[in-house]
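Step one of this worksheet: look at the structure below.
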Amino acid sequence: MFEFHDVEQNIDSWLAMRGGKLTSSNMGKVMANFGKAFGDPAKKLAVNIAIEQITGQPISSDYSNDHMERGHEQEPLARMAYEDEHFCKVSNGGFFASDFVGCSPDGLVFDVGVIEIKSVIASVHYANVKRGGIDPAYKWQCIANLKFTGRDWLDFISYCPDFPAGKQLYTYRLYPAQVTEEYTMLETRIAEFKKLVDETRTTILNADYSVLDQQREAA
C-alpha cells in the first residue's frame, strides 16, 4: 500500500522520506538483466540503501551535469506547456511511499493521471517523436510511477524548447493494461532486490572490522 505525502520535492524532508527506499528513478538499475544476477549499479545501490536504513540518514550526492541542470530549469516551462495543451492543472507530485519502495512523479493530473517530464536536447526529442512511445531510458521509471501511484494513466512528456513552436512538446500516454506483464516483472525483481539489500545490511552490521588487529597479532 502506497501512502501519498504532499511534500515539496528536493527539500530536506523529501530527501529524508526517500532514504532507505528503492525509488522509481533507480528502477532501471534494478530491472537491468532481469532474470539474471544483479549488475554492479544495482549492487552499489543496495549498499547505499542499506546504509541509509542503518543510519536513518539519506546519502547526499552533489552529482550534477548539464542535462540535469537543464531539466530542473525547463521543467516548469514543460509543465505549463502541457497544461495549456491539455487544458488541465498539474498539482504537486509529492512522494508516494510503501515500506521499501517510493516514487516522486513530476506532477498529478486531477485524481486520475500522473506525468513524467524529460527536458531533452533536440536530437533526443527527435528520436522520441520518431520512435513513438516512451524513451527506453525511462521505461521502468515510468512504469513504476504508474504502478506505485495507482493512477489510471501516465503521460510521458518529452520537451525541447529548441524545436519549432507547436512541436516542442511530445506526449505519450501509458495505461496499466499495456504493462500488466511489466507489473509482474517489477514485483518479482523488487522482492529479489529487497533480499539483496537485507543481505547487504546484515553484512555491514556483522562484518569483522578488526582485521588490522588480527594481522598485528599474527605478525
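The values are calculated or read from the model by the stated rules, or taken from the named source; none is laboratory data. Nothing here was measured: the structure is a model prediction, and the numbers come from that model. For neighbour counting, all protein chains shown are included, and Cβ atoms are generated from backbone atoms with ideal geometry for every residue, glycine included. These area figures cover heavy atoms from the full protein model, side chains too; ligands, DNA and RNA do not enter into them. Shrake-Rupley method; radii C 1.70, N 1.55, O 1.52, S 1.80 Å.
Just for region 155-186: of the residues that are out of contact with any Ser or Thr (no Cβ under 7 Å at 6 or more places or on another chain) and among the hydroxyl-bearing types (Ser, Thr, Tyr), which one is least open to solvent (accessible area, probe 1.4 Å)? Residue satisfying both the conditions and the ranking: SER158. Can SER64 be described as open to solvent by 30 Å² or more (accessible area, probe 1.4 Å), at pLDDT 95 or above and not acidic (Asp, Glu)? So SER64 fails the test. The single residue among GLU85, GLU116 that is part of a strand (DSSP E or B) and not polar (S, T, N, Q) turns out to be GLU116. The single condition from (1) open to solvent by 20 Å² or more (accessible area, probe 1.4 Å); (2) touching a helix residue (DSSP H, G or I) at 6+ places or on another chain (Cβ under 9 Å); (3) among the aliphatic types (A, V, I, L, M) that VAL101 fails is (1).
Restricting VAL112, VAL120 to residues that are among the hydrophobic types (A, V, I, L, M, F, W, C), open to solvent by 20 Å² or more (accessible area, probe 1.4 Å) and more than 15 Å from the chain's Cα centre (by Cα) narrows the list to VAL112.
Among the residues of region 200-208, is any within 18 Å of SER25 (Cα to Cα) and open to solvent by less than 40 Å² (accessible area, probe 1.4 Å)? No, the conditions are met nowhere in region 200-208. All conditions in (1) open to solvent by 70 Å² or more (accessible area, probe 1.4 Å); (2) under 28 Å from THR188 (Cβ atoms) hold for VAL129, with the sole exception of (2). Taking the criterion of being at positive phi and open to solvent by less than 20 Å² (accessible area, probe 1.4 Å), would at least one residue in region 133-142 satisfy it? Yes, region 133-142 has at least one match. Within 16 Å of LYS139 (Cβ to Cβ), in contact (Cβ under 8 Å) with a residue 24 or more places away in the chain and open to solvent by less than 80 Å² (accessible area, probe 1.4 Å), is that true of ARG189? Yes: the conditions hold for ARG189. Of the residues making up region 19-43, those that are buried (at least 19 other Cβ atoms within 10 Å of the Cβ), out of contact with any strand residue (DSSP E or B) (no Cβ under 6 Å at 6 or more places or on another chain) and assigned to a helix (DSSP H, G or I) number 6. Looking across region 1-18, the residues that are part of a loop (DSSP other than H, G, I, E, B) and surrounded by 14 or more Cβ atoms within 10 Å (Cβ to Cβ) come down to PHE2, VAL7, GLN9.
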